[in-house]
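Novice: Please find one structure pasted underneath; my questions will follow.
The values are calculated or read from the model by the stated rules, or taken from the named source; none is laboratory data. Please read these numbers as outputs of a predicted model, since none were measured by experiment. Backbone-built Cβ (ideal geometry, glycine too); neighbour counts: all protein chains shown. We work out accessible area using only protein heavy atoms, side chains counted, and drop any ligands, DNA or RNA first. Shrake-Rupley method; radii C 1.70, N 1.55, O 1.52, S 1.80 Å.
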Amino acid sequence: MLYMWKAKLVSLSVLAALALTACGGSTGSGDGEVLLYEEEVSGGAVEAAESYETVTVRREDYQEIYSDTGELEYTDIETVYIDEEDAVLDSIKVKRNQRVRKGDVLAVFHLETSKTKLEKQRLVNEQARAQFESGLGSLRNSLSQAEQEYKRLSNAAEKKMKSLEIKKMQKEIEAYMKGEKELLDQEKAYATLVRMQSKTNLVAKKGGVVTSVNRGLEGQDVDSSQKIVEFRNNDKWLIKVSDPESMLRYNMSVSVRLGKNMKNYEHEVAGKVVTASDLTGTDETDSGGDKVVYIDVSDADKRKYDFETNNIYIHAVSFEVKDALMIDARAVDTESVGFTNKSFVWVLENGNLHKRFIVSNYKNEKDYLVAQGLSEGQTLAIVE
């Protein structure tokens with residue numbers, strides 16, 4: 001909910017309707033007589049006697065207030081899948097809203113890999129191991145022979161050449177041994193595959209609170225696209241609010257209130273706008289198409305207050321001018337002067353209307369804030 005707050009109410013006075021003529025003929029009598037002389041209204045802009053609603057130039061503090069509800073959006077959410085082929089989900093061991101810690105068992109599953117597939121993988125691994133050991137053995141035999149030859153040499157130049165040859169062979173063996181890592185990984189994967197034919201625990205990689213479980217998958221074949229469990233870190237979140245009028249800006253200070261409603265709240269803490277369109281250059285929108293802004297509060301306040309069960313309200317002063325001259329927007333009109341449009345008003349003084357150009361430094365649908373051209377207490381006619 002967005003609204004404008006004004007420090008005072010505008011008091012309106014209505015001028016009595018009076019008759020007049022431009023040539024100075026008969027006029028009406030009584031207080032509040034308004035004479036519209038041709039020279040005073042710039043070429044006869046108003047030619048007939050009329051009754052006008054009037055407003056007063058007022059001085060007050062002007063504010064535009066942002067006020068709306070907020071909701072928590074968790075930023076650290078963990079979704080758990082079974083990333084194995086031929087998996088069957090046996091059971092889920094946690095329930096919604098349950099707090100889990102790193103290493104806790106979330107679910108139990110097993111693999112139903114065909115015997116043919118297991119046997120094929122075993123043979124591939126055995127063959128790869130045999131080839132690796134054969135190659136390693138050949139390199140080591142060559143090195144051993146070179147070392148024996150080196151011992152039998154007496155010529156210094158020949159020994160130096162043989163020494164360089166031995167060092168080269170040693171480096172070849174070191175490089176060859178690095179290739180064993182891939183083979184070891186294949187053997188480990190096969191051992192895991194065999195082990196997982198029996199029941200296997202699916203454990204949490206970090207802590208959090210369970211937000212959803214998919215019990216409909218129990219006893220079913222599952223693949224890596226099917227969510228088993230989802231949980232979140234309840235300490236990591238931002239407050240999400242709608243900002244259709246772009247009143248909230250990056251790093252802007254706001255008040256975050258917790259309680260029954262905006263005015264009847266139990267706690268108030270400081271918040272900061274951490275994401276907004278003026279920072280990212282793009283607008284994030286909600287399902288209704290309104291712009292979305294995120295607000296953060298300190299970690300200490302997150303721990304101290306219950307944001308999850310309380311209603312959340314955001315209050316902020318989006319724009320403020322102290323001691324501003326303000327007028328009703330209905331009293332302002334514009335006309336083209338040269339290549340620009342200028343704003344003007346009709347000032348009521350001593351029963352006459354005077355056209356007065358003004359300079360406004362801010363306006364909205366209801367009010368103009370006047371920088372030049374008027375003073376406090378002057379009376380303006382609304383000439384439509």
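Novice: Which cross-chain or sequence-distant (5 or more) residues have an amide H under 5 Å from the amide H of GLU284, H modelled 1.01 Å from N in plane?
Specialist: Counting only residues 5 or more places away or on other chains, the set is VAL292.
Novice: Another one. Starting at the first residue of the range 78-91, write each ³J(HN,Hα) from the Karplus equation 6.51 cos²θ - 1.76 cosθ + 1.60 with θ = phi - 60°, in whole Hz, x for Gly and Pro.
Specialist: So the J values, rounded to whole Hz, are 10, 10, 9, 10, 9, 8, 9, 6, 6, 8, 10, 7, 7, 6.
Novice: Okay, next question. Please list the non-local residues whose amide H lies under 5 Å from the amide H of GLY70, H modeled 1.01 Å from N, same-chain partners needing a gap of 5 or more.
Specialist: Here the answer is ILE312, TYR313, ILE314, since their amide H atoms fall under 5 Å of that of GLY70.
Novice: Can you return the lysines within cross-link range of LYS363? Criterion is Cα-Cα under 22 Å, with same-chain partners fewer than 8 residues away left out.
Specialist: Answer for LYS363, where 22 Å is the Cα cut-off: LYS6, LYS8, LYS322, LYS342, LYS355, listed by chain and number.
Novice: Pop the C-beta distance of GLN197 and LYS102 into the FRET formula with R0 = 22 Å and round what comes out to the nearest 0.05.
Specialist: 0.25
Novice: OK, next. Using the Karplus curve 6.51 cos²θ - 1.76 cosθ + 1.60 with θ = phi - 60°, what ³J(HN,Hα) values do you get for each residue of the range 310-326, in whole Hz, with x for Gly and Pro?
Specialist: 7, 5, 10, 10, 10, 10, 8, 8, 6, 8, 8, 10, 7, 6, 8, 7, 10
Novice: Mind checking which lysines have their Cα closer than 18 Å to the Cα of LYS272? Skip sequence neighbours fewer than 8 apart in that chain.
Specialist: Counting by Cα, and skipping residues close in sequence, LYS272 has these lysines nearby: LYS236, LYS240, LYS291, LYS302, LYS304.
Novice: Still on this model: If you average the sequence gap of Cα pairs under 8 Å that are 6 or more apart and divide by the length of the range 259-384, what percent do you get for the contact order?
Specialist: This gives 18 percent for the range 259-384.
Novice: Let me ask something additional. Taking H placed 1.01 Å from N in the peptide plane, check which residues at least 5 places from ILE358 or on another chain put their amide H under 5 Å from its amide H.
Specialist: When sequence neighbours closer than 5 places are left aside, the close amide H contacts are SER343, PHE344, VAL345.
Novice: Give me the percent of accessible area attributable to carbon and sulfur for the range 317-384, probe 1.4 angstrom.
Specialist: Carbon with sulfur: 45 percent of the solvent-accessible area.
Novice: For the range 66-207, with every protein chain kept in place, what is the accessible area per residue (1.4 Å probe, Å²)?
Specialist: Accessible area per residue, the range 66-207: 68 Å².
Novice: Just want to confirm a number: the relative contact order over the range 125-185, from Cα pairs under 8 angstrom separated by 6+ residues, in percent.
Specialist: About 48 percent, as a whole number.
Novice: Do you know the Lys pair count in the range 109-191 for C-alpha distances under 13 Å, with sequence separation 8 or more or different chains?
Specialist: For the range 109-191, qualifying lysine pairs total 5.
Novice: Here's a follow-up. Please list 3J(HN,Hα) in residue order for the range 294-306, calculated via the Karplus relation 6.51 cos²θ - 1.76 cosθ + 1.60 where θ = phi - 60°; whole Hz, with x for glycine and proline.
Specialist: 10, 10, 10, 10, 5, 4, 4, 5, 4, 6, 7, 10, 8
Novice: Given a 1.4 Å probe and every protein chain left where it sits, what share in percent of the accessible area of the range 113-218 is carbon and sulfur?
Specialist: 53
Novice: Can you bin the range 212-358 into rounded, prolate or oblate? Criterion: square roots of the alpha carbon gyration tensor eigenvalues sorted a ≥ b ≥ c, rounded for a/c under 1.5, prolate for a/b above b/c, oblate for the rest.
Specialist: prolate
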